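The next block holds one structure in the form of structure tokens; read it before the comments.
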Amino acid sequence: MLLVEDGKLKLDDTLGKYMTDVPAKWSGITIRQLLNQVSGIPNYTAGGKLVHEKIYTKAEILDRVKDLPTGFEPATRWEYSNTNYFLLGMVIEKASAKSYPDFMNGRIFKPLGMKSTVVKTSGLKIKYEATGYDLASGKWQPAKLDDPSQPFAAGSIVSTPVDMAKWTIAVGEGKLLKKTSWDEALASGKLADGKPTNYGFGWQIGKLGETGYVSHNGGIGGFTSYHVRFPADNLSIVVLVNTVSGAPTQLGNDIAAVYLPKVAAFQAAQLAAKNAAAIADADPETTKFLRGVFEGMVRGEGDPALFNAEMQKIMFPDRIKQLKGPLGTQGPIKSFELLTTENPDGTKRRIYRATFEGGLKARVNFTLDAQGKISGANVRPE
């Protein structure tokens, strides 16, 4: 948006205007569509694993997905892809004639006094840098860190709680950008049919009960984070965790409940649901089937034939692989308990509590259509 205000690019410019060597199927995608995560470009982190310590060129990263078909026509669906932000970083470099680290430092970090915030690059040593941890077989161990050439503009910024406080104050006070630019960045994008995506320019848009918020979470080897802002209450919360399973979103929302009574009431209702006891299972065969599907999802695997046509479009080939990231480090599933079941109009709707060896508990929602195909699937930590 700084470059938009500078007159160096427009949101409805196409990617091809700034990057002539991208695949033809990407060239007509707009900057706005990349920002809104509605491009359809495959996620480069969802395929085969990158080698943790290897330094990759930008071309090598894009080579991982450039020959893959797009997941959908632009603006027909919302789906998060790290490739969108990787490409936006390259657009910033082209439009500004500066490296991404230099642009971020000169236009954002320095003006806001964020003295401990940098875009990490290959070989850069940072004094007092935190150690990230993974859980393996019930034991914590230092995480294998990705070389910063891999996330680039999709996640290579290193910061501190003090500097993140400076950033969130700047957002609340409308610094750096004109009000019209902030309004646009914080507004929900729209699909081609006019439906909202509930995602702006790097901001999730939603409600906790009746209380509106904008937020974003993030995760990379050994680290997770969450930034949530409640505009009407002028409250912002930033959670930085040096593990891959620290549940920063839940922690941030719990902190919000201390300050906002309506959020506290909503959280109390959520807690009651979380503590719901398991019920008797009159259909153990369905549970066995769905547990098997979920165990595959945790491994980043699945059989498309088990899903209906719409869910196949949503889950394959990328979304199913992405589930392995947050859940794959938690070890085997110790229990899979049925909490609720409904059977409206020949369908089956079931909610389970999955408990992992690592201690994480997740709420797993499945819907089976009348043909026995999975027509809905959702997973969230308890």
- Give me the accessible area of residue 91, 1.4 Å probe, in Å² rounded to the nearest 10. 0
- Task: Would you kindly give the portion of the calculated P(r) for the range 306-382 that falls above 15 Å, as a percent of all Cα pairs?
- Result: 60
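If you roll a 1.4 angstrom probe over the protein chains with everything in place, what fraction of the accessible area of the range 232-382 belongs to carbon and sulfur, to the nearest %? Mind dumping the intermediate values first?
On the way: 4310 of 7850 Å².
Solvent-exposed carbon and sulfur of the range 232-382 make up 55 percent of the total.
Under a 1.4 angstrom probe, counting protein chains only, how are 80, 56, 44 ranked by accessible area, largest first?
On the way: 80 60, 56 30, 44 5 Å².
My answer, sorted largest first, is 80, 56, 44.
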- Query: Heavy-atom accessible area of residue 85 with all protein chains present, probe 1.4 Å, nearest 10 Å²?
  - Reply: 40
- Mean shadow area (nm²) of the C-alpha convex hull around the range 118-168 is 4.7
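Compute and list, largest first, the equivalent-ellipsoid semi-axes of the chain from the alpha carbon gyration tensor, each √(5λ) rounded to a whole angstrom. It would help to have the intermediate numbers written out before the result.
Numbers: eigenvalues 236, 124, 99 Å².
Listed largest to smallest, the semi-axes of the chain are 34, 25, 22 Å.
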- May I ask you to list the trypsin sites (Lys or Arg not before Pro) in the range 132-176 that are in a DSSP loop and have at most 15 other Cβ atoms within 10 Å of their Cβ? 144, 175
- Message: Between 79, 301, 60, where does the largest GNM mean-square fluctuation fall for the chain, given springs only between Cα atoms within less than 10 Å?
- Response: 60
- Alpha-carbon gyration tensor eigenvalues x 5, square-rooted, for the range 249-329, Å: 31, 20, 12
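Mind pulling up the Rg/Rh value for the range 1-155? Radius of gyration and Kirkwood radius, both on Cα.
Numbers: Rg = 17.0 Å, Rh = 17.1 Å.
For the range 1-155, the value is 0.99.
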- Task: Quick one: give the max-minus-min coordinate of the C-alpha atoms of the range 136-201 along each principal axis, largest first, in Å.
- Result: 46, 35, 26
- Task: Return one number: the angle in degrees, 0 to 90 and rounded to the nearest 10, between the long axis of the Cα atoms of helix 161-173 and the longest principal axis of the Cα atoms of the chain.
- Result: 80
- Whose amide H sits under 5 Å from the amide H of residue 376, counting only residues 5 or more places off or on another chain, with H placed in the peptide plane? 367
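Provide Rg over Rh for the range 238-382; use the alpha carbon set for both Rg and the Kirkwood Rh (inverse mean inverse pair distance). Mind dumping the intermediate values first?
Working: Rg = 16.3 Å, Rh = 16.5 Å.
Radius of gyration over Kirkwood radius for the range 238-382 works out to 0.99.
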- Select from 140, 203, 26 the residue whose mean-square fluctuation is largest in a Gaussian network model of the chain (Cα-Cα springs shorter than 10 Å). 140
- With every protein chain in place, the accessible area of residue 339 for a 1.4 Å probe, in Å² rounded to the nearest 10, comes to 10
- Task: Mind giving me the nanometre distance, one decimal, between the label points for residue 268 and residue 140, set 7 Å out from Cα along Cα→Cβ?
- Result: 3.3
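Within the range 133-216, what whole-number % of the accessible surface is contributed by carbon and sulfur, with the 1.4 Å probe and all protein chains included in the calculation?
On the way: 2470 of 4460 Å².
On the range 133-216, the fraction of accessible area on carbon and sulfur atoms equals 55 percent.
Mind checking the per residue accessible area of the range 237-382 for me, 1.4 Å probe, whole number of Å²? Let's see the in-between values first.
On the way: 7500 Å² over 146 residues.
In whole numbers, the range 237-382 has 51 Å² accessible per residue.
The values are calculated or read from the model by the stated rules, or taken from the named source; none is laboratory data. Only a predicted model underlies this, so the values are computations on that prediction, with no experimental measurement involved. Neighbour counts run over all protein chains shown; Cβ positions are idealised from the backbone, glycine included. Just the protein is used for accessible areas: all its heavy atoms, side chains included, with ligands, DNA and RNA removed. Shrake-Rupley method; radii C 1.70, N 1.55, O 1.52, S 1.80 Å.
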